[in-house]
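**Q** First, the structure itself, so that you have it in front of you.
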Amino acid sequence: MDQISVLDMLKIGVGPSSSHTMGPWKAALRFIELIDSKQQLQRVHQISVQLYGSLALTGKGHATIEALILGLSGYPIETVPMKDVKTTPQQVATTQVLSLAGKFEIGFSIDRDIIFRFTERLPYHTNGMQFLAVDEQGAIMVEATYYSIGGGFVVMENEGGAGSTVTLPYPINYARDVILHCRLSGQSLPWIIKENEKVWRSESELDSAMWNIWQVMVETLYRGCHTSGKLPGGLDVSRRAPKMLEYLTMAPAYDSPQQWIASLGELSLSFEDTLSIVSCLAIATNEENADFGRIVTAPTNGAAGVIPAVLVYYAYLNRKGKATRTEIIDFLCVASEIGSIFKKRSTISAAMGGCQAEIGVSSAMAAAALTHGMRGSVEQTLMAAEIAMEHHLGMTCDPVGGLVQIPCIERNSMGAIKAITATQIALKSDPSAAKISLDEVVQTMWETAQDMNDKYKETSLGGLASNYSVKIPEC
């Protein structure tokens, strides 16, 4: 089985959707790399993209058009200047000229060159897209089919899995593998994870990359808690995080996102206010995500708020800022490893499994990481993940207007609170008496995903999306 690095599960990206924004963006980048590898970029006269299934049905609300334009223009997702995220697609729409790979100008009409196949889907995955490049005579130069399979992972048709075929010293494909490796080695789960990561990078490189992931999360939280206004897309949704935090805190003065997050650890909070801040932080991240902000997939964009909110609870609200750099990195590593089990054995794509695949998985990841951080055993860590997912089974994905706003933003706060509750239950339980294992829940989630009606899988054809009566303008 393909192996997945913890840095594959936690990726720096741009909102609002890992499947429908980051996936098509990465596919477009890969397509221009494919053309460039054939030394044919300068001969391209026109590029067209056909979107199928869930990508077609909710693509406009998920900024798929903008993502394709940015990818074809050669912008890297991790470092794209945020000012260009909105202005470049607007400029292309107005001028009908696209700078292919940032080098060669071609004509590009959104209405002509991005085709929505609403009633069709490709065989491998509902998030399928076909790219075609032609020369000035209309002859096909290069064509390719890609699938966005969740969490920003993209595979080319007939390419195989999205992971790596490396051999790990402690391969983890099931939750039971975690227990086996920890028992036989006598080591902790973070130690096992870091030994595996050495196949890809040094421990210092992992440390630096994970710390950078946390800094991006902090900056996202800061922006989300300090930016007011309306979210784009036509639903007229107001940002709530700044007002929520204003009601809850009297934080000391701060000059940076890092000082601000540290100041939260200085607050004396009631139990009720602590939970309210956790909810506020989860909402803040996903309001940023909905506004095309920079976020970290955890494991997806739509579920990006759960893990940072629970990590703030662990490191600052509960530990009063006394969590070390290593403990924060270990939290992220444990969360990511649990997410990879769901990725391998089930799905993290809402278009395949509904919202249980996004909020459910993120809640399980956060619960496991928090339980480990609270000195739970490895068995309790896995139990917490099982409890969190068990109570998300069957959750549908029904984004109103195809936007990652209603009910997605609030669901992050619910996922964060459930993660904390799952930890509290697991820490006070005997895992040997548990009737359901994490592996059984992962399998159940996959079976539930297969049984779920397609209209509840990120199509906006069912649930809340079908009962919302206000007409949404074209995005």
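**Q** Just one of (1) closer than 25 Å to S263 by Cα; (2) hydrophobic (A, V, I, L, M, F, W, C); (3) in contact with a Lys or Arg (Cβ under 6 Å, 6 or more places away or on another chain) trips up A351, so point out which.
**A** (1)
**Q** Taking the residues in segment 132-148 that are surrounded by fewer than 24 Cβ atoms within 10 Å (Cβ to Cβ) and hydrophobic (A, V, I, L, M, F, W, C) as candidates, determine which candidate is nearest to the chain's Cα centre (by Cα).
**A** Applying the filter and picking the extreme gives A144.
**Q** Filter segment 66-84 down to the residues that are β-branched (V, I, T) and surrounded by 21 or more Cβ atoms within 10 Å (Cβ to Cβ) and list them by number.
**A** If the condition is that a residue be β-branched (V, I, T) and surrounded by 21 or more Cβ atoms within 10 Å (Cβ to Cβ), then I69 is the only one that fits.
**Q** Give V361, V400, V334 a once-over and let me know the one that is of a type outside the set (G, A, S) and farther than 29 Å from L57 by Cβ.
**A** One residue alone meets the criteria, V334.
**Q** Step by step: first the residues of segment 350-379, then only those that are surrounded by 24 or more Cβ atoms within 10 Å (Cβ to Cβ) and of a type in the set (S, T, N, Q), then the one that is farthest from H125 (Cα to Cα). Which residue is that?
**A** T371
**Q** May I ask you to list the residues in segment 388-410 that are of a type outside the set (S, T, Y) and either free of Cβ contacts under 8 Å to residues at least 24 places away in the same chain or part of a loop (DSSP other than H, G, I, E, B) (or both)?
**A** Scanning segment 388-410 gives H391, H392, L393, G394, M395, D398, P399, L403, V404, Q405, I406, P407.
**Q** Continuing with the same structure: Looking at the structure I just gave you, is E203 farther than 28 Å from V278 by Cβ and touching a Lys or Arg at 6+ places or on another chain (Cβ under 7 Å)?
**A** For E203, the condition - farther than 28 Å from V278 by Cβ and touching a Lys or Arg at 6+ places or on another chain (Cβ under 7 Å) - is met.
**Q** Taking the criterion of being under 23 Å from M374 (Cβ atoms) and buried (at least 24 other Cβ atoms within 10 Å of the Cβ), would at least one residue in segment 283-294 satisfy it?
**A** Within segment 283-294 (the criterion being under 23 Å from M374 (Cβ atoms) and buried (at least 24 other Cβ atoms within 10 Å of the Cβ)), the answer is yes, since at least one residue qualifies.
**Q** Additional query: Hey, among A422, A385, which residue is closer than 15 Å to V310 by Cβ, in contact with a Leu (Cβ under 6 Å, 6 or more places away or on another chain) and in a helix (DSSP H, G or I)?
**A** It is A385.
**Q** Being of a type in the set (K, R) and under 22 Å from H372 (Cα atoms) is the filter; apply it to segment 185-223 and report the residue that is surrounded by the most Cβ atoms within 10 Å (Cβ to Cβ).
**A** K194
**Q** Also, I was wondering about something else. Working carefully through the options M365, M389, M352, find the one that is in the same structural domain as T444 (by TED's automatic domain parsing) and modelled with pLDDT under 95.
**A** M352
**Q** Now, a different point. Can you tell me which residue in segment 184-211 is farthest from V296 (Cα to Cα), limited to those that are assigned to a helix (DSSP H, G or I) and free of Cβ contacts under 8 Å to residues at least 12 places away in the same chain?
**A** That would be L184.
**Q** Among S429, S460, S413, which is small (G, A, S), in contact (Cβ under 8 Å) with a residue 40 or more places away in the chain and surrounded by fewer than 17 Cβ atoms within 10 Å (Cβ to Cβ)?
**A** Only one candidate passes the filter, namely S429.
**Q** Which ones in segment 108-135 are more than 18 Å from F31 (Cβ to Cβ) and among the charged types (D, E, K, R)?
**A** Within segment 108-135, D111, E120, R121 qualify.
Residues checked against (1) of a type in the set (S, T, Y); (2) surrounded by fewer than 16 Cβ atoms within 10 Å (Cβ to Cβ); (3) in contact with a helix residue (DSSP H, G or I) (Cβ under 9 Å, 6 or more places away or on another chain):
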{"position": "Q130", "(1), (2), (3)": "no, no, no"}
{"position": "E157", "(1), (2), (3)": "no, yes, no"}
{"position": "I172", "(1), (2), (3)": "no, no, yes"}
{"position": "L180", "(1), (2), (3)": "no, yes, no"}
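**Q** Of the residues that sit in segment 238-277 and are among the charged types (D, E, K, R) and under 25 Å from the mean Cα position of the chain (by Cα), which one is surrounded by the most Cβ atoms within 10 Å (Cβ to Cβ)?
**A** Out of the qualifying residues, it is R239.
The values are calculated or read from the model by the stated rules, or taken from the named source; none is laboratory data. Being a predicted model, the structure only gives us computed values, none of them experimental. Heads up, the Cβs are rebuilt from the backbone with ideal geometry, glycines too, and the neighbour counts pull from every protein chain shown.
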